[in-house]
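Structure first, then comments.
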Amino acid sequence: GAGVSQTPSNKVTEKGKYVELRCDPISGHTALYWYRQSLGQGPEFLIYFQGTGAADDSGLPNDRFFAVRPEGSVSTLKIQRTERGDSAVYLCASSPRLAGGLNEQFFGPGTRLTVL
Amino acid sequence: KQEVTQIPAALSVPEGENLVLNCSFTDSAIYNLQWFRQDPGKGLTSLLLIQSSQREQTSGRLNASLDKSSGRSTLYIAASQPGDSATYLCAVFSGSARQLTFGSGTQLTVLP
């Protein structure tokens, strides 16, 4: 079946603008994660959804960042008043909810955000 | 707070060599460990997942081991090929937050 998809693949915006990044997880996966990857670094956790609710948003850097998953499938990461430091690749991952340690995450191709 | 370290940061080898990539983590209370491959400008491809109760996993020319008590994992690549050139990321799934914590990756170049 189809993998995780993310749109847009690239987004260029100006400082101070609002952006929305979309993630379509693998069908049937109840867990959804957002990560942010800066150049030369590994991805850093932002937020985790189990179903419709944000189970853990401790990785969001500040209150300009917000994410929703209203129907338990598609998720949108929203960034208000963008800053140049927000420039990064934003990755989405999904996984089926399984017991024990088998919680393999499958990643989308990412959205490259550039704030000018 | 979980921290993941990968050594070396970059590695260049001639085609055909066997090689080992290293990953260490500070908190041994993990649920699993995943190795990923990332090509330039692309997303992450999952290579192997080792559950905390397992010692190793194999897929083709790849073998990953896990020593949870010492906080270490290795990714062994046999008979390397130029197509193996990519960045390899190690990540552990741990903590009550149920999130992946990544290392910074090892950038591998296999020379033809």
(Q) For a quick check of understanding: with a 1.4 angstrom probe and all protein chains in place, what accessible area in square angstrom does A:ASP86 have, to the nearest ten? (A) 10 Å²
Q: Using a 10 angstrom cutoff on alpha carbons, build the Gaussian network for chain A and name the most mobile of A:SER95, A:SER58, A:SER87.
A: A:SER58
Q: Grab the other residues whose beta carbon is less than 12 angstrom from that of B:ASP67, score K and R as +1, D and E as -1, and report the net.
A: +2
Q: Could you work out the mean count of beta carbons from other protein chains within 10 Å of each residue's beta carbon in B:38-46?
A: 6
Q: Take every DSSP beta bridge with both residues inside chain B and express the antiparallel ones as a percent of the total, to the nearest 5.
A: 90 percent
Q) Looking only at other chains, what is the average number of their beta-carbon atoms within 10 angstrom of each beta-carbon in A:104-111? A) 5
**Q.** Reachable lysines, given that their alpha-carbon falls under 26 Å from the alpha-carbon of A:LYS17 and they are not under 8 places away in the same chain
**A.** A:LYS78, B:LYS42
Q) Among A:GLY40, A:GLY59, A:GLY16, whose mean-square fluctuation peaks in a Gaussian network model of chain A (Cα, cutoff 10 Å)? A) A:GLY40
Q. Considering only DSSP states other than H, G, I, E and B, which trypsin sites (Lys or Arg not before Pro) in the stretch B:24-112 qualify as loop sites with at most 12 other Cβ atoms within 10 Å?
A. B:ARG55
**Q.** Rounded Å value of the spacing that divides the Cα centres of the stretch A:1-33 and the stretch A:43-116
**A.** 8 Å
Q. By the scheme Lys and Arg +1, Asp and Glu -1, what is the net charge of all other residues having a beta-carbon under 13 Å from that of A:THR30?
A. +2
Q: Quantify how much of the Cα-Cα distance distribution of the protein assembly as shown extends past 25 Å, in percent.
A: 40 percent
Q | Cα centroid separation, the stretch B:14-74 to the stretch B:80-110 (Å) | A | 7 Å
Q: Take the Cα coordinates of the stretch B:2-112, assign each an equal point scatterer, and use the Debye formula without solvent to give log10 I(q)/I(0) at q = 0.11, 0.14, 0.19, 0.22 Å⁻¹.
A: -0.31, -0.51, -0.92, -1.20
Q | Intensity falloff of the stretch A:21-104 expressed as log10 I(q)/I(0), Debye formula with alpha-carbon point scatterers, at q = 0.15 Å⁻¹ | A | -0.53
(Q) Ignoring GluC sites (Glu not before Pro) that are buried or in helix or strand per DSSP, and keeping those with at most 14 other beta carbon atoms within 10 Å, what is the longest stretch of chain A between them? (A) A:15-70
Q) So what's the projected area for the stretch A:8-68, the Cα convex hull averaged over all directions, in nm²? A) 5.2 nm²
Q: Any chance you could look up the accessible area of A:LYS11 with a 1.4 Å probe, heavy atoms only, rounded to 10 Å²?
A: 70 Å²
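The values are calculated or read from the model by the stated rules, or taken from the named source; none is laboratory data. Bear in mind the structure is a predicted one, so any value in this text is a computation, not a measurement. All Cβ positions, even for glycine, are placed from backbone atoms using ideal geometry, and neighbour counts span all protein chains on display. With ligands, DNA and RNA removed, areas are computed over all heavy atoms of the protein, side chains included. Shrake-Rupley method; radii C 1.70, N 1.55, O 1.52, S 1.80 Å.
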